[in-house]
4 protein chains.
Amino acid sequence: MRIKVGVLGATGAVGQRFIQLLAEHPWFELSALTASERSAGKKYGEIARWRLDVSLPDEAKGIEVLPTSPEKVDADIVFSALPAAIAKEVEPKFAEAGFLVASNAGAYRMESDVPLMIPEVNPDHLGLVEVQKENRHWDGCIITNPNCSVIAMALSLKPLMKFGIKGVHVATMQAVSGAGYEGVASMAILDNVIPYIAKEEEKMETEAQKILGKFDGTKVKNADFEVSASCNRVPVMDGHTEAIWVSMRNRPRLSEVRDAFTKFKCDEVKGLPTAPKKPIIVRDEEDRPQPRLDRDAGKGMSVSVGRIREYTDGVKYIALGHNTIRGAAGASVLNAELFYKKHKR
Amino acid sequence: MRIKVGVLGATGAVGQRFIQLLAEHPWFELSALTASERSAGKKYGEIARWRLDVSLPDEAKGIEVLPTSPEKVDADIVFSALPAAIAKEVEPKFAEAGFLVASNAGAYRMESDVPLMIPEVNPDHLGLVEVQKENRHWDGCIITNPNCSVIAMALSLKPLMKFGIKGVHVATMQAVSGAGYEGVASMAILDNVIPYIAKEEEKMETEAQKILGKFDGTKVKNADFEVSASCNRVPVMDGHTEAIWVSMRNRPRLSEVRDAFTKFKCDEVKGLPTAPKKPIIVRDEEDRPQPRLDRDAGKGMSVSVGRIREYTDGVKYIALGHNTIRGAAGASVLNAELFYKKHKR
Amino acid sequence: MRIKVGVLGATGAVGQRFIQLLAEHPWFELSALTASERSAGKKYGEIARWRLDVSLPDEAKGIEVLPTSPEKVDADIVFSALPAAIAKEVEPKFAEAGFLVASNAGAYRMESDVPLMIPEVNPDHLGLVEVQKENRHWDGCIITNPNCSVIAMALSLKPLMKFGIKGVHVATMQAVSGAGYEGVASMAILDNVIPYIAKEEEKMETEAQKILGKFDGTKVKNADFEVSASCNRVPVMDGHTEAIWVSMRNRPRLSEVRDAFTKFKCDEVKGLPTAPKKPIIVRDEEDRPQPRLDRDAGKGMSVSVGRIREYTDGVKYIALGHNTIRGAAGASVLNAELFYKKHKR
Amino acid sequence: MRIKVGVLGATGAVGQRFIQLLAEHPWFELSALTASERSAGKKYGEIARWRLDVSLPDEAKGIEVLPTSPEKVDADIVFSALPAAIAKEVEPKFAEAGFLVASNAGAYRMESDVPLMIPEVNPDHLGLVEVQKENRHWDGCIITNPNCSVIAMALSLKPLMKFGIKGVHVATMQAVSGAGYEGVASMAILDNVIPYIAKEEEKMETEAQKILGKFDGTKVKNADFEVSASCNRVPVMDGHTEAIWVSMRNRPRLSEVRDAFTKFKCDEVKGLPTAPKKPIIVRDEEDRPQPRLDRDAGKGMSVSVGRIREYTDGVKYIALGHNTIRGAAGASVLNAELFYKKHKR
């Protein structure tokens, strides 16, 4: 018997990815879709402007769209693709009403009692859920995944922690889908680079330290390194590419770094349907990873790493992840799978 | 009376830029164009596959294309748009034969007796020409300009030298024109980023130190800082965008950094026809500079700088320059103008 | 002494082109800019999100933005870059108040007493202004230019009229700027073609017949041929490319068709500052015209034609024009220049 | 037991698509790959510059690359991705030596005894093989598929034949992959349209008549209508979009035309692994088909049709097909499947 799940904010770019991923999910059954008031009451197939290059799944077409409020939604888990401002207001209501809210929104990521998770990296942070429930007197809870550009970086930093990370410089080249369907006008980005993404560098510079921090049973102690980010938009549809420098206290050989990436795995995600075989794929070609060629690796859930090189203070490399799958919808689904495995079975 | 000039390798992307810039030059008169043997003897207008969005100048159409050898060329200055391998062999022959070779090729840039110049940055390095002539017993000489991605960085570092540069991290997002007309296949770069450009990071990591070094009358002592580069190709026609971090011994306020950029000028280039009014233009908008909007600033000769921000070790910012004008043909022409002003008038 | 002019709807993509073209106009002096109520009262330089690759002219920066109503505007001519719905309501008020309204909007193009003009094609249609004034009891008047995709087609059809045009098939490949700055999302058009532009085919199929029609002193009798259009959006910034088939009663040789294009001129536009030297430029290369290379021909006011070939019913060729200059702002300015030459001097 | 197959010219863009399609084919076993002499003797995995966004199949990696000559190849069927000039010389040698040559090359398409096939359209033309063998005294034979831009048009014309096709106008917007990996430089096509593709219009104007012609047991009598084509390259990776006008003797209602498309099927391809469920998919949205969204329909083997509209002489519509799958490698594989079904089982 499958668990009923809903998607909050189901019409946008990330909402559509949620539907794609949940339509054939072995554990979850898509049973509720919410959108703005004016769409409520209509069939999803009628109101959705479906824009993925896979077809709108039949399962979703006939679902009646609901307003985004807990009393309307019949499900155990809700996936939130809401904008941050709306999420801030609505997600607690769902958590209070007993839902597991697996949120892609930024609103609660940095709250001290809300887990900010990448299942392969910090599965133990799920323990914060107990703290959260106690703090807030909620029947349900909120669990979050990082910003789309943080996830490729944070996942690739995890196996390097043992070398003593001192600091990180990162320049991103981010896909337009990260801004949502109407987010970047074609006149803004054709034949162009925009060296600015609102609030993105702030997220890049704070989220990884929480993810890579230590959970002591009551709170997370942030990892102790600094990140300095420079975020850019480029004319790419999907896939964020990141040039990363990691300065280190220890000075591993390049082969040790490569090994750390290729051998990285996490037993806790075993059996989770959305977990890729390899969280990190190392590309040894001189010119990879590239977004068009590598974003779909591991069905969009693997992060590809390449061009591992030394520099004075440590190593530099390129990391790449699919921003709306591993960096958004897929991340939330994997979080929910981990939660479900730990709490419900 | 104008000085006769020629272009070596006149058919490629940089060669065409040379022709565009020289066609209406107030000092120089375009009088010789060279290309491969099979084009020799034909009119330039017949063999050129002209690909700029300004028309092929009438001055160039009727010029008979010559083979690239000094005895054929009737000119005082030759601008070299040759590939490095051919430049290595041919440029010395022209220098020996008495030509001023203003070269955009990489072949001799790092030779200790060859000036590697940005006129606004190190005009005094032109003094190396005397050393070179004595060393090599040449009547003429070779002067060079930096790689197209180095130039925006080096020019923007010059006014920061007074703050004590310790090191530089730089991630580039480079235009396809930097690779020449056939250099990047559309199937390689549409909807994509290529995080690798052959030999580019090596140039980024060595050339700026020479340019910003001190000339003591006989040799250049390189500037003492390290550069670590990560070079990427993006789907942009012209204009290299660079995310730069500069770590500094002194810690200037952001306003001091901004001032250093805006007030930067160089009296030695006064009156040079190709020198832009402002070598560095500071953009204060939150999302500038952008290649499509800013590459043509100062007729393609100004470097635009924006997003000046602090980080733990210093400042980070975005720099942008037109790679085939300021970063190639325009750079060589400006070099030749400086040489001519100092030596011939 | 220059004539005072204003721009209605000065903040959008076409509004910005108007400002660019008018800033240094020898006859016109930019003296009023209007925008939505919430911008009114502020300096244009403060509220404009300037997006052209030439800088915002200093003349415009300090102009105080006005609401779009005739009593506020101090000018003789207003150029309308308003959306059709607003134009429908506002333009008559300006005409009634005595302004010459040179409109790029579609609202009044097909009204029987409003001239729809391309100065080189149907300058005599300006006579409709008298009819219009009498009909509507206006002190001023409205003159219009065609839709951006019609103009390249209609201009290129004019010299072919003598061969007896029976019908036209046209497939367009239109630039994103035709839809306004926010008109086409990057996620919609990157690596894509959209074979639909709302209301565009209807305009293509009706406007040319009016433009090429005969004015008998009181009304225009439409030209008698049919147009069937298929309009497509492509990932190009500026410049509409059109594949055109013209079936003809007479069967000219290709050389006669080429001659008709190259010799086409119109004495009535002599001396108009915005009129290009050649309204139609024939490109003889096998692969031209191309938008990136040819859109700026004649400062964006020439239409380029190439690939003239025979087919069973007549000739086919490619036509290309800059959609926001010849196809919008430049067209309106040229209309106003013609009006001014005829009526005011 | 699977049939051994080889790919001639396995390193190019179409060659790679063949390998992708054949790697997991239920009937065929990839057992030979040929390339130029200098690659011969090496493993495919070593020499291939694999550029598809699916990984190089393991089956292919270890195959030793052979020179393109029949005595070296151990297979029953060879798929030819050779350039036309080489195909002209080499394919007959393979046919003579007994191979079924399923060719995507243009060299023999228009030979009177060589079938030019789209299995759903003219499966009976396979009968030409007997004529061919007798004519040429070959043990094997050559069967061909149309040019990549012809296939979407010809397939969509088939169900319209009953309405009495008089003539066709077609403007194409073709993907860069149609020219091969190095075929279109990024500097040629970024922010651009190229209104010319060498020899493409000639193919568009002749091949469909043969495909839609009648086979009388000894020869094909071409269909009696004229095609006039205007072929354009656009910045799209895969998927050719075509604006088609079909003039007709009978004047069906639009609903009849739509029905003809949706009901079109062909029993002869039943059970062929590469045949899509629907050869033609009708999109009813106002702005479809689009290459990025529809090229992969039916695993790249369905042609999508939309925007069916009337015009004076008949109907116009948009057709779209994946140019390297349905328009190249997939077409050849489907041809071979049909051949195998008819002749070997």
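The values are calculated or read from the model by the stated rules, or taken from the named source; none is laboratory data. Remember, predicted model here, so these are calculated numbers, not experimental data. Note that each Cβ is placed from the backbone with ideal geometry, even for glycine, and that neighbours are counted across all protein chains shown.
Taking the conditions exactly as written (farther than 24 Å from B:S149 by Cβ and either at pLDDT below 95 or among the charged types (D, E, K, R) (or both)), does B:R258 satisfy them or not?
Details: farther than 24 Å from B:S149 by Cβ: no; either at pLDDT below 95 or among the charged types (D, E, K, R) (or both): yes.
In short, no.
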Flagged in region D:16-32 as within 14 Å of chain B (Cβ to nearest Cβ) and either free of Cβ contacts under 8 Å to residues at least 60 places away in the same chain or farther than 15 Å from D:L334 by Cα (or both), in numbering order, are D:Q16
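If you check A:R292, A:R309, which single one turns out to be more than 16 Å from the chain's Cα centre (by Cα) and part of a helix (DSSP H, G or I)? Working first, answer last.
Values: A:R309 fails: part of a helix (DSSP H, G or I).
A:R292 is the lone residue from the list that is more than 16 Å from the chain's Cα centre (by Cα) and part of a helix (DSSP H, G or I).
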Of the residues in region A:148-174 that are away from chain B (no Cβ under 14 Å) and among the basic types (K, R), the one that is farthest from A:E207 (Cα to Cα) is A:K162
For region A:245-271, pairs from a residue that is in the same structural domain as A:A229 (by TED's automatic domain parsing) to a residue that is at pLDDT 95 or above and aromatic (F, W, Y), with Cβ under 7 Å and 6 or more apart or across chains, are A:W245/A:Y311; A:M248/A:F163; A:N250/A:F163; A:P252/A:F163
C:A329: passes all of (1) more than 12 Å from every other protein chain (Cβ to nearest Cβ); (2) free of Cβ contacts under 8 Å to residues at least 60 places away in the same chain; (3) in contact with a Lys or Arg (Cβ under 7 Å, 6 or more places away or on another chain) but (2)
Restricted to region C:72-110 and to residues being of a type in the set (D, E, K, R) and under 18 Å from C:K42 (Cα atoms), the residue surrounded by the fewest Cβ atoms within 10 Å (Cβ to Cβ) is C:D74
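For residues in region B:189-205 being among the aliphatic types (A, V, I, L, M) and at the interface with another protein chain (Cβ under 7 Å from one of its Cβ atoms), which is nearest to A:G239 (Cα to Cα)?
The selected residue is B:V193.
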Please tell me if C:D191 is acidic (D, E), more than 30 Å from A:A13 (Cα to Cα) and more than 20 Å from the chain's Cα centre (by Cα).
no
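Filter region C:206-231 down to the residues that are part of a helix (DSSP H, G or I) and within 14 Å of chain D (Cβ to nearest Cβ), then identify the one that is farthest from A:A188 (Cα to Cα).
First, the residues of region C:206-231 that are part of a helix (DSSP H, G or I): C:206-211.
Okay, now just the ones that are also within 14 Å of chain D (Cβ to nearest Cβ), so C:206, C:209.
Numbers: C:T206: 32, C:Q209: 36 Å.
In this case the residue turns out to be C:Q209.
Yes/no matrix, rows are residues, columns are (1) surrounded by fewer than 24 Cβ atoms within 10 Å (Cβ to Cβ); (2) more than 21 Å from C:E256 (Cβ to Cβ):
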residue: C:S112; (1), (2): yes, yes
residue: C:P115; (1), (2): no, yes
residue: C:L126; (1), (2): yes, yes
residue: C:R136; (1), (2): yes, yes
residue: C:T144; (1), (2): no, yes
residue: C:G164; (1), (2): yes, no
residue: C:T172; (1), (2): no, yes
residue: C:S177; (1), (2): no, yes
All conditions in (1) touching a residue at least 12 places away in the same chain (Cβ under 8 Å); (2) out of contact with any Lys or Arg (no Cβ under 9 Å at 6 or more places or on another chain) are true of D:K278 except (2)
Across (1) surrounded by fewer than 19 Cβ atoms within 10 Å (Cβ to Cβ); (2) more than 22 Å from the chain's Cα centre (by Cα), C:V257 clears everything bar (1)
Can you confirm whether B:I325 is more than 14 Å from the chain's Cα centre (by Cα), buried (at least 19 other Cβ atoms within 10 Å of the Cβ) and at pLDDT 95 or above? no
The residue from D:L160, D:L155 that alone is under 11 Å from the mean Cα position of the chain (by Cα) and at pLDDT 95 or above is D:L155
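Going by the conditions given, is C:L293 without any contact (Cβ under 8 Å) to a residue 12 or more places away in the chain and assigned by TED's automatic domain parsing to the domain that holds C:P235?
Values: without any contact (Cβ under 8 Å) to a residue 12 or more places away in the chain: yes; assigned by TED's automatic domain parsing to the domain that holds C:P235: yes.
For C:L293, the condition - without any contact (Cβ under 8 Å) to a residue 12 or more places away in the chain and assigned by TED's automatic domain parsing to the domain that holds C:P235 - is met.
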The lone condition C:S186 fails out of (1) free of Cβ contacts under 8 Å to residues at least 24 places away in the same chain; (2) within 13 Å of chain D (Cβ to nearest Cβ); (3) surrounded by fewer than 23 Cβ atoms within 10 Å (Cβ to Cβ) is (3)
Considering region D:192-209, residues that are surrounded by fewer than 24 Cβ atoms within 10 Å (Cβ to Cβ) and of a type in the set (D, E, K, R), and then whichever is nearest to D:I165 (Cα to Cα), we arrive at D:E205
- Quick one: is A:K299 free of Cβ contacts under 8 Å to residues at least 40 places away in the same chain, closer than 30 Å to B:S186 by Cβ, out of contact with any Asp or Glu (no Cβ under 6 Å at 6 or more places or on another chain) and surrounded by fewer than 24 Cβ atoms within 10 Å (Cβ to Cβ)? yes
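Looking at region C:235-281 only, could you name the residues that are outside any loop (DSSP other than H, G, I, E, B), among the β-branched types (V, I, T), closer than 30 Å to D:S186 by Cα and within 14 Å of chain D (Cβ to nearest Cβ)?
As a first pass, look at region C:235-281 and keep what is outside any loop (DSSP other than H, G, I, E, B): C:240-248, C:254-263, C:267-269, C:280-281.
Retained after the next criterion (residues that are among the β-branched types (V, I, T)): C:241, C:244, C:246, C:257, C:262, C:269, C:280-281.
Narrowing further to those that are closer than 30 Å to D:S186 by Cα: C:241, C:244, C:280-281.
C:T241, C:I244 - these are the residues of region C:235-281 that are outside any loop (DSSP other than H, G, I, E, B), among the β-branched types (V, I, T), closer than 30 Å to D:S186 by Cα and within 14 Å of chain D (Cβ to nearest Cβ).
Select, from C:R292, C:R309, the only residue that is of a type in the set (D, E, K, R), under 30 Å from C:A185 (Cβ atoms) and within 9 Å of chain D (Cβ to nearest Cβ).
Values: C:R309 fails: under 30 Å from C:A185 (Cβ atoms).
That would be C:R292, the only listed residue that is of a type in the set (D, E, K, R), under 30 Å from C:A185 (Cβ atoms) and within 9 Å of chain D (Cβ to nearest Cβ).
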